[in-house]
1. For the chain, what is the charge dipole size about the Cα centre, in debye to the nearest 20, if Lys and Arg each add +1 at the Cβ and Asp and Glu each add -1 at the Cβ?
2. List, in order, the whole-Hz ³J(HN,Hα) value for each residue of region 406-416 obtained from phi through the Karplus relation with A = 6.51, B = -1.76, C = 1.60 and θ = phi - 60°; use x for Gly and Pro.
3. What's the lysine pair count for region 336-504 at a Cα cut-off below 22 Å, pairs eight or more apart or interchain?
4. Give the residue from 86, 404, 359 lying farthest towards the positive end of the charge dipole for the chain; charges sit on Cβ (+1 for Lys and Arg, -1 for Asp and Glu) and the dipole is referred to the Cα centre.
5. Can you give the calculated 222 nm mean residue ellipticity of the chain, where each DSSP H run of n ≥ 4 adds -39,500 (n - 2.57) and the sum is split over every residue, rounded to the nearest 500 deg cm²/dmol?
6. Using Cα centres only, tell me the gap between region 29-44 and region 339-415 in whole Å.
7. Once amide H atoms are placed 1.01 Å from N in the peptide plane, what residues at a sequence separation of 5 or more from residue 164, or on another chain, have their amide H within under 5 Å of its amide H?
8. Do any of 37/202; 49/178; 182/202; 48/258 go past 28 Å between their Cα atoms, and which?
Amino acid sequence: MSVPRLVLVLGDQLTPDIAALRAADKSRDVVVMAEVKAEATYVRHHPKKIAFLFAAMRKFAARLREDGWDVRYTEYDDTNNAGSIPGELLRRAEEVGAEEVMATEPGEWRLIAALEECPLTVRQMEDDRFFASHKRFDDWAEGRKALRMEYFYREMRRETGILMEGDKPAGGAWNYDKENRKPPPGQIDTSPMSFTPDDTVKDVLALVEREFGDNFGSLDGFAFATEPGQARRALSHFITHALPRFGDFQDAMMRDEKWLYHSLLSAYMNAGLLSPQEVCAAAEEAWKAGDVPINAAEGFIRQILGWREFVRGVYFREGPDYPRRNQLNHQRALPPLYWGAKTHMSCLAHAVAQTRDEAYAHHIQRLMVTGNFALLAGINPTELHEWYLEVYIDAYEWVESPNTVGMSQFADGGVVGSKPYVSSGNYIDRMSDYCKGCDYDVKQKTGEGACPFNLLYWHFLDRHRDRFEGNARMGNMYRTWDRMDADKRETILGEADAFLDRLSAGKTV
Ligand code: FAD
Ligand code: DLZ
Ligand code: SF4
């Protein structure tokens with residue numbers, strides 16, 4: 001009988017035909033899965049994220065066993081648990097007499113390096129659960145002065161044929177974003193599908209409460225899907241009930257509506273319970289059947305076929321130093337309000353509270369509330385990156401860091417975006433109902449009670465003038481700033497400095 005090899009399946013690789021499993025031989029090889037301290041603590045993950053992954057891992061292992069695989073699964077509190085992925089590989093290699101490991105490339109440089117350093121022979125195969133391979137992205141990126149998602153996305157549309165009518169984009173345009181910026185609607189008539197914890201989930205919830213109960217975040221009301229059948233039902237529910245209005249209200253934010261018309265499918269796609277291909281196909285089918293308008297189908301598909309693929313391409317192309325870039329040299333410490341300390345800013349209080357309760361906030365809350373504030377206030381992007389990696393259920397470095405370090409903080413100097421996403425309170429007021437319940441006044445530009453976003457917006461532009469003045473997309477902002485009275489400019493900068501001093505001193509702002 002030939003010597004068995006180990007097949008590593010990580011917590012976000014829960015796909016039956018993932019590369020390492022495809023390459024393995026069921027009659028010979030041994031699957032290794034492990035809940036380990038190193039992965040569960042390299043940042044202090046939200047308890048719901050850990051519970052989701054551990055429950056989904058346990059169910060996936062059971063399914064592989066039913067399918068005839070020899071699976072060696074280590075639970076978190078197993079006394080023999082070696083505590084890390086390489087440690088578990090070594091332990092299992094000794095147990096079964098293996099020397100070789102087949103792995104699917106992890107989604108974080110940290111773990112890729114750990115597997116490279118493992119004394120066993122580890123073959124890392126490309127993770128091909130995406131539309132574009134590393135080579136495909138690099139071929140597209142090579143020689144371009146700037147990488148812009150929109151052009152990459154169009155190539156992906158042409159190549160996959162998704163939302164194409166011959167060689168033309170469906171409906172005549174590539175992008176319908178102009179129709180997708182409606183302010184919050186009066187009422188939301190749907191909510192995402194929720195799942196009552198079964199015995200596996202209940203066991204994991206008890207374990208996570210015991211081991212990680214002190215991490216930021218609540219386990220209450222855990223209702224995520226933890227197996228592919230449930231995730232598929234969540235997809236189909238979203239397509240029928242939320243997708244038709246997804247486009248219109250994609251950018252809206254409401255105090256009492258956490259989900260609006262968003263899908264909540266990122267955690268499932270990122271962990272492997274759903275494939276991006278089946279999600280895009282379901283949205284396209286709904287449009288073809290006339291159930292969903294083109295602005296909704298296109299807006300949704302662009303996030304997956306465009307943004308999700310694009311940020312992954314950037315992460316792997318830019319290399320291991322990417323998550324720690326800080327091109328704007330922002331050094332302020334992440335303030336306690338990100339961990340739920342009291343703040344008078346209603347938008348931040350709501351986005352952070354929702355994050356603590358649900359391990360979820362939608363894109364505009366992440367980008368234009370918590371991200372926008374951090375950028376305007378000059379928060380250290382590495383600290384912020386770690387925060388996003390910790391607090392969201394869908395966070396892995398390959399997708400989180402280009403969104404945080406690149407799109408949201410411009411700390412990569414413009415690899416992901418052509419200009420920083422900054423706004424004054426006006427944008428938040430237009431797109432949300434947060435300002436109505438705020439201690440600050442969004443209409444007030446200076447003085448007692450002025451919205452901090454209004455002050456910090458100009459402070460940001462002023463302190464980074466050298467870098468952004470020549471940016472064609474920001475010229476208008478500088479012209480408006482320059483047209484203001486010198487006295488007013490001075491007042492704004494002085495009040496912004498005073499606000500930032502209070503923030504850094506740990507005062508409630
Ligand atoms: P929907 O609004 O329903 O969108 C549909 C799908 O599109 C999502 O499920 C997701 O897979 C994909 N998508 C949308 N926007 C993006 C994007 N910018 N990049 C990649 N995929 C996208 N997404 C993550 O999956 N993991 C992260 O750790 C993460 N961190 C982020 C950090 C910041 C600072 C910002 C601004 C965005 C981040 N995003 C991240 C992108 C986006 O916010 C989430 O994908 C989205 O909010 C997930 O919720 P949803 O499934 O309801 O998405
Ligand atoms: C995020 C995570 C956590 C919390 N725990 C585990 C674990 O115990 N075992 C495991 O195999 N994977 C876990 N993961 C997912 C990995 O951290 C993930 O594979 C890497 O971050 C690469 O994306
Ligand atoms: Fe946020 Fe300013 Fe609106 Fe308050 S007034 S909710 S701080 S944007």
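The values are calculated or read from the model by the stated rules, or taken from the named source; none is laboratory data. Nothing here was measured: the structure is a model prediction, and the numbers come from that model. Every residue, glycine as well, gets a Cβ built from its backbone with ideal geometry; the counts of neighbours run over all protein chains shown. Only protein heavy atoms, including side chains, enter the accessible area calculation; ligands, DNA and RNA are left aside. Shrake-Rupley method; radii C 1.70, N 1.55, O 1.52, S 1.80 Å.
1. Value, rounded to 20: 1300 debye.
2. x, 4, 7, 10, 6, 7, 8, x, x, 5, 7
3. So the count of such lysine pairs works out to 4.
4. 404
5. Theoretical 222 nm ellipticity from helices: -13000 deg cm²/dmol.
6. Here the two parts' Cα centres lie 25 Å apart.
7. 170
8. As for pairs spanning more than 28 Å Cα to Cα, those are 49/178; 182/202.
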